[in-house]
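The values are calculated or read from the model by the stated rules, or taken from the named source; none is laboratory data. Please read all numbers here as calculations on a predicted model, not as lab measurements. Here the Cβ is made from the backbone with ideal geometry for all residues, glycine too, and neighbour counts use every protein chain on show. Keep in mind that these areas ignore ligands, DNA and RNA; they rest on the heavy atoms of the full protein, side chains included. Shrake-Rupley method; radii C 1.70, N 1.55, O 1.52, S 1.80 Å.
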Amino acid sequence: MADTPEHGDEHRQHETHDTVARSGVSRRGLIIGGGAAVAATALGGVLSGGPASAATLGGRPVAYTKARTNEANRDLLLINGKIHTMDDRASVVDAVRIQGNRIVAVGHDAQQAGGQAERIDLQGRTVVPGLIESHTHFISLANRPGHHVAQWELASNVTEVLAFLAARRPSVPEGEFITAMGAGTPNMFAERRLPTLAEIDAVINDRPVFLYQGGGGPARVNTLGKQFFESVSNPTVTVAEDGSLTGANANAALYHLRIRQTFEDKKRSALDAMAFSAQVGITTVLDQVLPPPNAWVGGIFNPALLEPQPNHALFNLNHYRMYDAWLALHGEGRAFLRLQINFLHNQGNIPELGGLENQLPELKERLRNQFPNFGDDMVRTYGIGEWGAPFAAPSNPTGHAVWLEAQRLIARAGWRNENAQAGSPGNAANIEVVVAAYEQMEAEFGIKHLRWGLQHADHATPEQLARLRALGCGVSTSGFRWLNGQPRADGLPVGPLFPQLVDSGIPLGMHEDGVHIAPHNPWFALHYATTGLNVAGQQINPGQQISRQQALHMYTRGNAWYLGREDELGSIEKGKLADLIVLDKDYFTVSEAAMRTVRPIMTIINGEIVHDTGALGRRGR
């Protein structure tokens with residue numbers, strides 16, 4: 001999330017809720033290409049970026065229906081491509097060989113390796129490393145109730161939103177909800193509004209539909225959705241005649257969907273989130289978790305308040321249990337996206353706890369009981385972030401003392417740490433507070449080897465960036481200003497100041513900060529970094545453009561460093577993990593408008609094809 005002091009509010013515990021009949025969901029294979037294919041047909045190729053007929057293989061959608069194959073038996077040879085390796089020489093080769101989950105050869109060596117590899121003719125397509133997202137609240141996307149349609153963030157108008165919803169309808173059992181939530185919507189839609197009840201009914205009138213705007217509502221339903229929410233109690237939900245749910249009603253409706261989620265529902269949602277990531281080319285995410293619900297009342301911890309409450313927004317989840325479904329899928333061998341987990345702590349000063357020595361109880365327990373950098377290639381923990389305590393400037397002495405103490409606790413424990421500050425044109429005061437605190441922690445404990453990070457850093461000065469670099473820190477900068485940014489009256493850039501960040505030499509990544517205030521799709525961020533254009537096509541970041549190669553470097557090599565994984569991710573080189581994407585158009589040469597709509601036709605993660613539109617046709621040996 002953006003650098004706001006605190007997220008969330010006081011939450012009360014509900015006393016009772018209506019008796020619920022939970023609908024079971026059969027354990028089906030997850031359609032990887034199928035939903036994309038139907039939507040592409042409905043939209044004339046909006047999702048695929050090419051002919052809709054290319055989204056199936058042999059007339060059948062490509063499906064992910066089983067546990068991952070034995071890594072040792074996989075042998076793939078991709079030939080006849082324009083493979084941008086993103087290595088130190090910016091090499092472009094025509095072939096890459098994958099055995100198991102590793103890249104074993106590139107270029108001429110790949111075709112001389114012998115063996116019985118499955119050959120994929122790339123037909124001149126552009127290939128790049130899998131994209132890495134270094135700041136997302138992805139676990140929220142993986143816990144969405146109902147049959148969620150993440151693709152709605154790719155729509156540019158209400159008609160396309162309706163087509164994406166309709167594409168999901170055939171796979172949804174009778175009586176179960178079709179949902180679409182978050183992603184900064186509806187600001188990317190030309191109408192800047194959600195579809196109306198009548199518009200949704202016109203395409204889906206036999207399944208309830210629930211649309212939830214941004215991270216906190218409002219919401220909109222169709223007729224069946226309206227009938228459902230008007231039937232519930234504890235709390236009741238008021239729905240307007242046009243299907244709108246405003247004020248507290250949006251979150252109350254979300255609550256009624258959440259308490260009806262089964263564990264299998266959550267596993268399906270996690271698989272859907274992985275599939276959508278593969279569809280847009282993201283192969284690894286650094287999850288910045290979510291601001292947890294406030295479960296401390298009067299200085300006493302009440303774990304019941306972490307469970308769904310009628311006033312919880314989309315970004316509120318039980319931060320101790322929200323990974324359970326994903327971890328279950330990982331244990332079953334069904335998780336196919338790389339997940340790296342930070343731990344966000346949002347406790348400021350709690351007066352009932354007394355002095356500073358008694359503050360930050362949750363952070364203290366985390367540092368005592370959790371392992372950082374623990375896991376495997378597919379799921380692992382990392383550090384503290386997006387922050388360890390709500391930021392407070394020295395002008396707030398009590399709040400600042402707690403924030404600074406959090407930095408001290410993290411440094412003393414030897415953990416990686418992040419803070420989020422963007423600054424504004426001509427004002428980098430809050431960034432200075434963070435930089436100075438990092439220097440203080442280096443003097444007291446030594447943090448240079450821990451790779452502390454600064455998120456956003458849109459208006460960091462060259463001097464601040466030099467000091468951060470000297471501390472061994474990195475930056476993950478904002479790629480999402482295109483969504484809400486407007487041209488400034490003074491003509492100054494909204495930010496980030498991309499050329500200045502690149503020229504500083506600091507390890508540099510970029511992010512979209514999805515999935516509440518912004519979309520998950522990384523191509524929007526890449527477009528913004530190279531054009532400075534907002535969603536309406538207005539120039540909001542004048543003079544701050546970088547090249548497409550530089551922007552892609554941030555989403556591959558730069559983000560790999562930021563995640564501490566530059567030795568195994570971020571480029572297509574011998575010995576690295578086999579994550580790469582085959583694109584539907586040449587990112588490096590197409591027009592600015594077309595570059596914004598780049599999509600993978602094939603995504604390979606850990607050596608396995610997890611997304612395939614069928615555009616490359618049949619494969620052989």
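Some observations on this one:
- Rounded to whole numbers, the Karplus 3J(HN,Hα) couplings from phi for region 372-386 are x, 6, 10, x, 10, 5, 9, 9, 7, 7, 9, x, 9, x, 5 Hz, using 6.51 cos²θ - 1.76 cosθ + 1.60 with θ = phi - 60°, and x at Gly and Pro.
- Membrane-span-like helices in the chain (whole DSSP H runs, Cα extent of at least 18 Å along the helix axis, mean Kyte-Doolittle hydropathy of at least -0.5): 263-280, 397-413, 429-444.
- Beta bridges per DSSP, both residues in the chain: antiparallel share near 50 percent.
- In the chain, one over the average inverse separation of all distinct C-alpha pairs is 24.8 Å, which is the Kirkwood hydrodynamic radius.
- For the chain, the residue among 301, 395, 215 whose Cα projects farthest onto the positive side of the dipole built from Cβ charges is 215.
- Dipole check for the chain: with +1 at the C-beta of Lys and Arg, -1 at the C-beta of Asp and Glu, and the Cα centre as origin, the magnitude is about 1560 Debye.
- Taking the Kirkwood radius as Rh and the Cα radius of gyration as Rg, region 87-213 has a ratio of Rg/Rh equal to 1.16.
- Here the translational diffusion coefficient of region 243-339 follows from Stokes-Einstein with Rh set to the Kirkwood radius across Cα pairs; for 37 °C and 0.692 mPa s it amounts to 216 µm²/s.
- Cα-projected label distance for residue 567 with residue 490, points at 7 Å along beta-carbon direction, nm: 4.6
- For the pair residue 538 and residue 198, the difference between a 0.36 nm per residue extended length and the Cα-Cα distance amounts to 119.2 nm.
- 19 Å Cα-Cα reach of residue 267 towards lysines, excluding residues that sit fewer than 8 places from it in its own chain: 66
- Between the C-alpha center of region 525-584 and that of region 148-212 there is a gap of 29 Å.
- Note, ³J(HN,Hα) from phi for region 296-301, Karplus 6.51, -1.76, 1.60, rounded to Hz, x at Gly and Pro: 10, 10, x, x, 10, 7
- Amide H to amide H distances under 5 Å link residue 472 with no residue, where only residues 5 or more positions off or on other chains count and H is placed in the peptide plane.
- For region 481-621, a crude dipole built from +1 on the beta carbon of Lys and Arg and -1 on the beta carbon of Asp and Glu, taken about the Cα centre, is about 360 debye to the nearest 20.
- Ranked from largest to smallest solvent-accessible area, with a 1.4 Å probe on the protein heavy atoms, 579, 567 come out as 567, 579.
- D by Stokes-Einstein for region 535-599, Kirkwood Rh over Cα pairs, 20 °C, 1.002 mPa s: 155 µm²/s.
- Residues residue 90 and residue 230, FRET efficiency given R0 of 60 Å [Cβ-Cβ distance, rounded to 0.05]: 0.50
- Share of Cα-Cα pairs in region 426-583 lying beyond 22 Å, as whole percent: 44
- Top positive-direction residue, dipole computed over the chain with Cβ charges, set 98, 419, 159: 98
- Between the amide H of residue 126 and those of 82, 583, distances stay under 5 Å, these residues lying 5 or more places away or on another chain, with hydrogens modeled in the peptide plane.
- Residue 343 long-range amide H proximity, modeled H, under 5 Å: 383, 384, 385
- Rounded to the nearest 10 square angstrom, residue 504 shows an accessible area of 30 square angstrom against a 1.4 Å probe.
- Extension gain, residue 327 to residue 369, is 13.2 nm, computed as 0.36 nm per intervening residue step minus the present C-alpha separation.
- Net charge over other residues, Cβ less than 15 angstrom from the Cβ of residue 466 (K, R count +1; D, E count -1): -2
- Debye, to nearest 20: dipole size of region 130-199, +1 on Lys, Arg Cβ, -1 on Asp, Glu Cβ: 60
- Percent of C-alpha pairs per 5 Å bin, region 497-610, short to long: 2, 11, 18, 23, 23, 15, 7, 2, 0
- Put simply, the C-alpha atoms of region 419-495 give a gyration tensor, and the ellipsoid matching it has half-axes of 27, 12, 9 Å, longest first.
- Which of 382, 356, 430, positive extreme of dipole for region 352-465 (C-beta unit charges): 382
- Whole-Hz ³J(HN,Hα) from phi, Karplus 6.51 cos²θ - 1.76 cosθ + 1.60, for region 228-235, glycine and proline x: 5, 5, 6, 9, 8, 9, 6, x
- Nearest-10 value in Å² for the accessible area of residue 237, using the 1.4 Å probe: 10
- Cβ-derived FRET efficiency at R0 60 Å, residue 241 paired with residue 376, nearest 0.05: 0.70
- Note on region 91-118 and region 259-324: Cα centroid distance 39 Å, given to the nearest whole angstrom.
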